[in-house]
Every structure is written in C-alpha cells, then in structure tokens.
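To keep things clear, I will list the structure first and then write my remarks on it.
The values are calculated or read from the model by the stated rules, or taken from the named source; none is laboratory data. Everything numeric here is computed off the predicted structure, so don't read it as measured data. Cβ sites come from the backbone with ideal geometry, for glycine too, and all protein chains shown count toward neighbours. We work out accessible area using only protein heavy atoms, side chains counted, and drop any ligands, DNA or RNA first. Shrake-Rupley method; radii C 1.70, N 1.55, O 1.52, S 1.80 Å.
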Amino acid sequence: MPSLALPHVTFLGGHPRRTNETSGLTAVLDRSGIDLRRTIRRFLRVPWPTLRGLDIRTPSLLAMALDHHGPRYGGAYVDLHLDHGVCRLHVPGAPGPELREQLAAWAADEAGPAEPLPGTPPPPPRQVRGPVEVARMSLDIWRAADVGRETVPDRGTLAYRLSVAEDHRHSGRFAEALALLEPLAAGATAAFGQLDEATLTVRNAIGQVYLAAGQVDDGLDVLREVVAAAEHRQGADGELTLVIRNNLAIGYQQAGQYAQAIELHERNIRHSERRHGRLSRQTAGRRNNLAAALALAGYRRRAIESYWGVLDALADGAHDDTLAVTARQNLAILHNPSWRP
C-alpha cells in the first residue's frame, strides 16, 4: 500500500504555526512524511526527516481527567516530536496498541524487504609519520607492557591500570591498550584468582579492544570464554554476566552475525527480568539493545515492537529519560519507509 490514511483525527496543538485545536482532519502517511489534511486542503505537513520522536499511547482515565483539552474516549494520543515542540493528535476508534500495530505494519510493508547492515569493517591503520613517530609509538607500547607486567598489589592499582587502558582504547591506541591489558590479566589472575570479578573485567576489556581494533574473531573468542567464566562465577543473571554477554552480542553485530546477537540479547532480557523485574530500567535498557540489533538486521517490525516495549516499561515521569528519548527517536526513524540500516 503506498499510503495509510487515518480519518477523523483531531489536532490538539503544539506546533507554532498551528496553535488551535482542529478536528475532522485526516492523517496520511506516505514516504514523504505525515500530512494532516482538511476536506479541501492540507492543514499541516511533517516530513520524516524533521520528526525527532514518535509516541503513541492510550490515555489513562487520570490523564484524560487532567487533560485541558477534555476527555476523549476510544482512541489514542499520537505525539510527534519536532525541533520546536510536540504536536499532539487524537486518533479515535483505535487504542494505542492497535494503532501502533497498524502503523508498524504499514511501515514494514511499504519499506519492503531490507538487507541487514553488513559487518563493520576494521578501522583504518594508525597513521605513523616518519621514524621519530615510529620510535615514539614503540616506546609507548613498551611502557604500557612494562606497567602491565608489574605486580598487582591491590584492587585500586588494578582499577587505575584498567582506566589507563580504556583511555588508550578510546583514543585508538589499541596496541598500547593490549600491551597493558594482557599482562594485567595474568597479574590479576595471580593476585585474585581466575574467576574473580576484577580478573573477568580485565579480560572483558581485552575482548572489547580486539573488537575496536577490527580483530573481531579474536574479540569474540575472548568474550565467549569470559561469558562462560562469568556464568560459572556469578550465575547466568549475574550483573557482570549480563554486561559481558551484551558486549559479546555487540561483537556478533559487528561481525554481521545478527542471529547470534539477537539470541544473546533475548537471553539477557530474560535474565534481567528475573533479576530486576520486567518493568525495571535495567531490563528496558537491554530491550533497547535488542531493538537496535533487530533494526540493523533488517527486522523493522520486530524492532518497532521492541522499542514500544522500552517506552511502556518506563514510568510516565521518565519522559526525558535517555532511554525514552532514544526509543522515540528510533521509532520515528523506523516508521520512515525510506530508511535502510
């Protein structure tokens, strides 16, 4: 279907050019955006690129009682988030879940089959200019390795060296990070044991450096081992286990292996629900990670459903929560049929 029409829509305001309530509109969704039309002419147009967020909810009785527009039954509120505010529409006859499903089905059908995003290519090699810079980089690597080989006297020292390695990773100095982390892992094992949380954290950092450096197979090998060790030490729903399993899923996404990534994200959601509860922010965050993986894999409709789950899990007072903002933004993107991963 080339477009989707929602009749009898009431515009409740929020746009600087259209401030008054207007009823009897038709909202038409197509590849160019969302048109609000009167019988004879266009009332308001919202192109997809200008849409910064989307939310659809069935108002509660309390919300309707407090709404200065007056109660409206048997329908849903649609909030279109723009740079200059939020346009609110009322669509009668369809509760929020039904309207969400209708819009998701239209977006998926109109977008057609999508190819998944290919695996992430490795970063370009580090630029080295002249023999002096070669010598300086070699000295930096030697220093990092020398620090990593020093005895680990306490957890504070380990945490400091781990932080230095993270600085190297974020700055693209992967060789220096690995030169520090690999001997540090051996030192942590000797000081605290192979299954200690600090040791597992260092090994997890090694896997992340490999991924960042484009050595995806090495990163996946390390993270698979660390997940198994964390599950043995903390259990399948241990907090560190959940973090490392998420990093492994991201590694699979980086490799373009979305089936494995999605399965791990789904496992994390199940374990997070058991540990923190279905509506907790921790579980919502992991559902957000699953939605992102589904979108990159080309599963638009499933990704939309998962992002709605994120919004529903967060309390109404969490309107400006970063997870809620991200979910609304990605819902706006995914409902644009022209978007491709």
Residue check: is residue 97 of a type outside the set (Lys, Arg), open to solvent by 70 Å² or more (accessible area, probe 1.4 Å) and out of contact with any Ser or Thr (no Cβ under 8 Å at 6 or more places or on another chain)?
no
Picking from 132, 128, the residue that is out of contact with any Phe, Trp or Tyr (no Cβ under 8 Å at 6 or more places or on another chain), open to solvent by less than 70 Å² (accessible area, probe 1.4 Å), modelled with pLDDT under 75 and not basic (Lys, Arg) would be 128
Checking the conditions here, which among 10, 26 is within 14 Å of residue 79 (Cβ to Cβ) and not in a helix (DSSP H, G or I)?
10
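Just to verify a result, which residue in region 200-229, among those that are of a type in the set (S, T, N, Q) and closer than 18 Å to residue 253 by Cα, is surrounded by the fewest Cβ atoms within 10 Å (Cβ to Cβ)?
Only one residue fits best here, namely 215.
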Take the residues in region 2-26 that are on the phi > 0 side of the Ramachandran plot and open to solvent by 20 Å² or more (accessible area, probe 1.4 Å), then tell me which one is farthest from the chain's Cα centre (by Cα).
24
Hey, residue 341 hits all of (1) within 26 Å of residue 204 (Cβ to Cβ); (2) open to solvent by 20 Å² or more (accessible area, probe 1.4 Å) but one; which does it fall short on?
(1)
Looking only at region 303-338, filter to residues that are free of Cβ contacts under 8 Å to residues at least 24 places away in the same chain and in a loop (DSSP other than H, G, I, E, B); which one of those is surrounded by the fewest Cβ atoms within 10 Å (Cβ to Cβ)?
320
Cβ-Cβ distance below 8 Å, separation of 6 or more or different chains: which pairs start in region 286-302 with a residue that is of a type in the set (Asp, Glu) and surrounded by 24 or more Cβ atoms within 10 Å (Cβ to Cβ) and end on one that is in a loop (DSSP other than H, G, I, E, B) and modelled with pLDDT of 95 or more?
none
Report whether or not residue 74 is of a type outside the set (S, T, N, Q), closer than 30 Å to residue 305 by Cα, exposed (fewer than 12 other Cβ atoms within 10 Å of the Cβ) and more than 25 Å from the chain's Cα centre (by Cα).
yes
Hey, can you tell me all the residues within region 275-328 that are of a type in the set (D, E, K, R) and either closer than 19 Å to residue 99 by Cα or more than 12 Å from the chain's Cα centre (by Cα) (or both)?
275, 278, 281, 300, 301, 302, 305, 312, 316, 320, 321, 328
Subset of region 329-338 (residues that are more than 13 Å from the chain's Cα centre (by Cα) and either under 13 Å from residue 79 (Cα atoms) or of a type in the set (Phe, Trp, Tyr) (or both))
332
Among the residues of region 206-236, count how many are over 15 Å from residue 181 (Cβ atoms) and among the hydrophobic types (A, V, I, L, M, F, W, C).
7
Among the candidates 214, 207, single out the residue that is farther than 19 Å from residue 243 by Cα and small (Gly, Ala, Ser).
214
